[in-house]
Structure formats: structure tokens, C-alpha cells
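One structure below.
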Amino acid sequence: MSGYKRSKKLIQPRLQFRLIFTFLGVALLALLLQFLLFGATISLLAQDLPQDGPLLQDRIPQYTLMVFGISLGVLLPMTVCIGVIVTFRIAGPLYRFEQHLKAIARGEDPGVCRIRREDELQEFCVTFNAALDKLRERRLGADALETGADAGKTAVDAGETAPDPPHGRASLDEAA
């Protein structure tokens with residue numbers, strides 16, 4: 001599965017959009033802070049000019065708003081695109097783990113859970129598979145005990161004698 005490219009980028013849209021909007025909020029706050037700092041710095045520089053300082057201060061708001069608008073127009077779509085790329089490398093494995101667990105809940109054995117090499121949560125996948133391996137071992141051990149108990153019960157029901165005990169001890173029938 002590691003060589004397969006995911007065609008659906010929004011695997012878990014609710015989670016992915018929540019993360020993307022968080023990225024957008026942080027980017028917007030950073031851009032707003034930069035806009036305010038830039039405007040304040042240019043205003044201070046305009047006050048120190050010997051000539052044309054008031055003219056520059058009059059033009060600062062429109063130019064800084066234009067720069068802010070251009071930055072917003074470039075940054076927000078770029079943040080959304082990067083957000084989709086980053087989140088689908090997290091949402092994809094989460095979706096895979098969910099499907100794997102649903103199969104187990106239905107009583108199926110889906111085998112080893114695999115995710116793509118470029119996906120996040122690789123360590124979690126290893127731990128997930130190790131836990132499932134332990135559960136399979138327990139299940140096999142319980143099935144073997146149950147099968148052995150069922151075989152002994154069937155032999156007793158059929159009137160057969162139990163096999164000789166280990167370590168060369170004679171059965172009760174031989175002693176009598």
C-alpha cells in the first residue's frame with residue numbers, strides 16, 4: 001500500500017477543515033501583526049523626514065492596505081493548499097486505523113495495518129500492529145485451550161479412557 005497515491009485529499013473533511021482553519025487563523029493573525037508593525041514603523045520614519053513627512057504619512061494607510069490585501073490574497077490560498085497536503089498525511093492514517101478497528105469490531109481479522117511511507121503516525125502504526133499481534137496471540141491461545149477442553153469432553157462423553165498421565169505414572173485402571 002505504500003506505493004499507492006491517495007486520490008482523495010479530503011479523507012476526513014471535518015478534521016481536516018478544522019486544522020486548516022486553525023492554520024488560516026494563525027497565518028491571518030501573523031499577517032495582521034506584521035501589517036500593524038509595518039505601518040507603525042513607516043509612520044515613525046515619516047515623522048523623522050525633514051521634508052514631505054506629512055505627505056508620506058497621508059499615503060501610508062492606502063499603500064499598507066494594498067500590501068496587506070496582496071499578502072492576504074497570496075498567503076490564504078497557499079495556506080489552504082499546504083494545509084490540505086499536511087492534513088491528509090494525518091487524516092489518511094487515522095481513517096485507515098478506523099477502518100481496521102471497524103473490521104475487528106465486526107469479528108473479522110483484517111491482518112496487519114499498513115500506511116503509506118510518506119504518511120505521519122508511522123510509530124503509532126507499529127504500536128497498533130504490536131497490540132493487535134498480542135490480541136491475536138491471546139485469541140489463538142484461548143482457542144487452543146477451548147479446542148483441547150472440547151476434545152477431552154467429547155472423549156469422556158464417548159466413554160473412552162483418558163490418556164496416560166505424564167512422567168510414566170500408571171492410570172487408576174491399571175492400579176486396580
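The values are calculated or read from the model by the stated rules, or taken from the named source; none is laboratory data. As the structure is a computational prediction, the values presented were derived from the model and not from experiment. Cβ placement follows ideal geometry from the backbone for every residue including glycine, while neighbour counts extend to all protein chains displayed. Note: areas computed on protein heavy atoms with side chains; ligands, DNA, RNA excluded. Shrake-Rupley method; radii C 1.70, N 1.55, O 1.52, S 1.80 Å.
Return a yes/no flag: does region 74-94 have any residue that is open to solvent by less than 90 Å² (accessible area, probe 1.4 Å), in contact (Cβ under 8 Å) with a residue 24 or more places away in the chain, over 17 Å from residue 15 (Cβ atoms) and among the aliphatic types (A, V, I, L, M). Looking through region 74-94, at least one residue is open to solvent by less than 90 Å² (accessible area, probe 1.4 Å), in contact (Cβ under 8 Å) with a residue 24 or more places away in the chain, over 17 Å from residue 15 (Cβ atoms) and among the aliphatic types (A, V, I, L, M). From the list 98, 118, 137, the lone residue that is modelled with pLDDT of 85 or more and open to solvent by 90 Å² or more (accessible area, probe 1.4 Å) is 137.
Annotation: residue 123 fulfils all but one of (1) surrounded by 10 or more Cβ atoms within 10 Å (Cβ to Cβ); (2) at pLDDT 90 or above; the unmet one is (1).
Has region 64-73 got any residue that is open to solvent by less than 90 Å² (accessible area, probe 1.4 Å), part of a helix (DSSP H, G or I) and at pLDDT 90 or above? Yes, there is a match, as at least one residue in region 64-73 is open to solvent by less than 90 Å² (accessible area, probe 1.4 Å), part of a helix (DSSP H, G or I) and at pLDDT 90 or above.
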